[in-house]
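All remarks here apply to the structure that follows.
The values are calculated or read from the model by the stated rules, or taken from the named source; none is laboratory data. Treat the numbers as computed from the prediction; the structure is a model and nothing was measured. A quick note on method: Cβ atoms are made from the backbone with ideal geometry, for glycine too, and the neighbour counts reach across all protein chains shown. Just the protein is used for accessible areas: all its heavy atoms, side chains included, with ligands, DNA and RNA removed. Shrake-Rupley method; radii C 1.70, N 1.55, O 1.52, S 1.80 Å.
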Amino acid sequence: MRAVDIIEKKKHAESLSKEEIEFIISGYTKDEIPDYQMSAFLMTIYFNGMNEDEIAYLTESFVNSGDQVDLSPIKGIKVDKHSTGGVGDKISLIVLPLVAGAGVPVAKMSGRGLGHTGGTIDKLESIEGFRTELTSEEFINNVNKYKMAIVGQTANLTPADKKIYALRDVTSTIDSIPLIASSIMSKKIASGADAIVLDVKMGSGAFMKTIEEAEKLAKTMVGIGKNLNRNTVAVITNMDQPLGNQVGNSNEVKEAIKVLAGNGSEDETTIALTIASHMCVLGGAFDDFDTAYKSLKETIDSGKAIEKLKELILIQGGNPEVVDNPDLLPGAKNSYDVLAEKDGYVFEIDAESVGISAMLLGAGRRTKDDKIDYGAGITLKKKIGDSVKKGETICTLMTNLDEYDDAIERIQKAYVISNEKPKTKPYIYNIIK
Ligand code: URA
């Protein structure tokens with residue numbers, strides 16, 4: 001078999017066999033196929049797409065390129081969730097204790113933030129002492145005993161995807177549905193999930209800008225799940241602006257605490273309960289979505305959900321007192337109020353610019369070796385649709401840096417104030433099963 005013949009076939013939009021896809025992916029991972037041939041291959045996929053079988057083969061090749069986590073010592077159906085990426089997205093922090101509290105095991109591997117998006121692992125590390133590296137034994141034992149554990153992603157998970165993702169980034173082939181879908185699903189499958197709930201973000205702050213694109217990506221990922229025997233549900237959610245009111249690591253932990261304590265923002269509470277309910281149905285804890293939603297809401301109202309978060313923090317070595325006293329979380333010495341320049345309504349908040357501004361304040365990494373300032377972040381005092389008066393605070397920046405004009409400039413551009421009141425959009429657009 002030769003890589004050039006496989007590229008030629010895809011150039012003419014012919015379908016590839018499992019062997020051909022495995023050959024080109026494993027050859028590239030082992031450095032036997034050069035970047036220039038893989039770049040050409042990715043571009044043929046970008047233009048000609050792939051059918052359902054090819055996408056499943058591609059996903060399997062990514063999974064087979066590295067280690068696979070064996071969760072078989074954990075009893076029950078292991079359900080995972082994944083978000084396609086957003087700003088202020090602390091939904092994983094909320095659903096983990098909620099789903100575990102309903103008795104469904106969650107053995108979670110999460111990532112760190114890079115660029116304008118945050119990572120669940122960084123957020124949890126803002127809690128003093130919280131360990132995101134556990135031995136496999138601790139990880140398995142915690143899930144069996146407490147139904148929950150969370151760790152950073154192991155180094156050798158889907159190395160083919162890692163290498164190809166870096167190449168896609170510099171060859172303008174990121175925004176291809178077969179490539180995004182196989183990349184995301186391969187990581188979930190390699191990390192051992194039996195069932196998966198996907199939070200597909202849609203809107204100005206997401207990869208998918210329209211409902212048509214988001215539904216196509218969601219259907220493709222659900223199709224991969226079916227093909228590879230993983231029950232998968234995709235929830236398409238709004239990412240026209242950051243979720244909730246807090247962006248930044250300790251800020252987002254504080255806001256997750258509020259949701260679990262029953263005082264959260266409506267968007268985050270609705271999205272977290274929806275995702276957690278689908279996870280619980282897939283995990284067999286409830287027969288239907290409505291019963292699951294009602295029951296999980298009761299665990300919030302009764303105080304059981306917040307107790308489960310305290311337990312998670314305790315069993316992973318963190319200080320659970322942060323739950324009752326969030327001021328124990330890292331703070332920032334400087335704050336700056338951004339003021340409305342005119343009367344009107346908040347018409348737009350560009351999520352990506354908010355994420356970049358938070359990163360410039362120290363909450364994120366420009367490169368993967370940067371150190372994070374856990375106390376840095378942004379509190380959004382006004383969100384889309386709110387009315388504002390000239391001179392009123394629309395958001396507050398927090399940082400331990402002394403110079404942060406670039407962050408102020410970014411956030412000022414993120415807010416658009418208009419005389420026109422924008423149309424209200426739903427938090428959840430569609431569910432694809
Ligand atoms: N997230 C991923 O993991 N892969 C993609 O291709 C896009 C988003």
On the basis of being within 16 Å of the ligand (Cβ to nearest atom), within 27 Å of Gly364 (Cα to Cα), under 16 Å from the mean Cα position of the chain (by Cα) and not aliphatic (A, V, I, L, M), does Lys187 make the cut? yes
Every listed condition ((1) over 25 Å from the mean Cα position of the chain (by Cα); (2) within 16 Å of the ligand (Cβ to nearest atom); (3) among the aliphatic types (A, V, I, L, M)) holds for Ile91 save (1)
Scanning region 198-244 for residues that are over 18 Å from the mean Cα position of the chain (by Cα) and outside any helix (DSSP H, G or I) gives Thr210, Leu228, Asn229, Arg230, Asn231
query = Does Ala166 satisfy being modelled with pLDDT under 95 and within 14 Å of the ligand (Cβ to nearest atom)?
reply = yes
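Mind checking whether some residue in region 195-210 is more than 24 Å from Pro242 (Cα to Cα), of a type outside the set (Phe, Trp, Tyr) and either within 11 Å of the ligand (Cβ to nearest atom) or surrounded by fewer than 22 Cβ atoms within 10 Å (Cβ to Cβ) (or both)?
Looking through region 195-210, none of the residues is more than 24 Å from Pro242 (Cα to Cα), of a type outside the set (Phe, Trp, Tyr) and either within 11 Å of the ligand (Cβ to nearest atom) or surrounded by fewer than 22 Cβ atoms within 10 Å (Cβ to Cβ) (or both).
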Taking region 169-183 and keeping only residues that are over 18 Å from the mean Cα position of the chain (by Cα) and either open to solvent by 20 Å² or more (accessible area, probe 1.4 Å) or more than 14 Å from the ligand (Cβ to nearest atom) (or both), one is left with Asp169, Val170, Thr171, Ser172
Val247 vs (1) more than 20 Å from Thr396 (Cα to Cα); (2) assigned to a strand (DSSP E or B): all pass except (1)
How many residues of region 215-233 are open to solvent by 10 Å² or more (accessible area, probe 1.4 Å) and farther than 22 Å from Asp288 by Cα? The answer is 5
Conditions (1) among the β-branched types (Val, Ile, Thr); (2) touching a residue at least 40 places away in the same chain (Cβ under 8 Å); (3) more than 16 Å from the ligand (Cβ to nearest atom) -> Ile224 fails only (3)
Cβ pairs under 7 Å, 6+ apart or interchain, first in region 323-351 and on the phi > 0 side of the Ramachandran plot, second in a strand (DSSP E or B) and open to solvent by less than 80 Å² (accessible area, probe 1.4 Å), ordered by first then second residue, are Gly344/Val388; Gly344/Ile417; Gly344/Ser418
Considering residues that are modelled with pLDDT under 95 and part of a loop (DSSP other than H, G, I, E, B), the number found within region 404-422 is 0
When region 39-88 is checked residue by residue, the ones that are within 14 Å of the ligand (Cβ to nearest atom) and β-branched (Val, Ile, Thr) are Ile45, Ile55, Thr59, Val63, Thr84
Would it be correct to say that Val106 is of a type in the set (Val, Ile, Thr) and either within 16 Å of the ligand (Cβ to nearest atom) or open to solvent by less than 10 Å² (accessible area, probe 1.4 Å) (or both)? yes
In region 40-56, anything open to solvent by 30 Å² or more (accessible area, probe 1.4 Å) and in a helix (DSSP H, G or I) is listed as Ala40, Met43, Tyr46, Phe47, Asn48, Glu52, Asp53
Here the qualifying pairs (Cβ atoms under 7 Å; residues six or more apart or on different chains; first in region 118-133 and without any contact (Cβ under 8 Å) to a residue 60 or more places away in the chain; second open to solvent by 10 Å² or more (accessible area, probe 1.4 Å) and charged (D, E, K, R)) come out as Gly119/Arg112; Ile121/Arg112
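To keep it simple, each residue is scored yes or no on (1) crowded, with 24+ Cβ neighbours inside 10 Å; (2) away from the ligand (no atom under 16 Å from the Cβ); (3) under 21 Å from Lys383 (Cβ atoms).
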position: Asn251; (1), (2), (3): yes, yes, yes
position: Ala256; (1), (2), (3): yes, yes, yes
position: Gly264; (1), (2), (3): no, yes, yes
position: Ile271; (1), (2), (3): yes, yes, yes
position: His278; (1), (2), (3): yes, yes, no
position: Asp287; (1), (2), (3): no, yes, no
position: Asp290; (1), (2), (3): no, yes, no
Check your understanding: Do we have Asp67 as more than 30 Å from Gly355 (Cα to Cα), modelled with pLDDT under 95 and either surrounded by fewer than 17 Cβ atoms within 10 Å (Cβ to Cβ) or in the same structural domain as Ala358 (by TED's automatic domain parsing) (or both) here?
Key -> yes
Condition set part of a helix (DSSP H, G or I), aliphatic (A, V, I, L, M) and within 16 Å of the ligand (Cβ to nearest atom), scope region 115-163, selection farthest from Phe62 (Cα to Cα): answer is Ile121
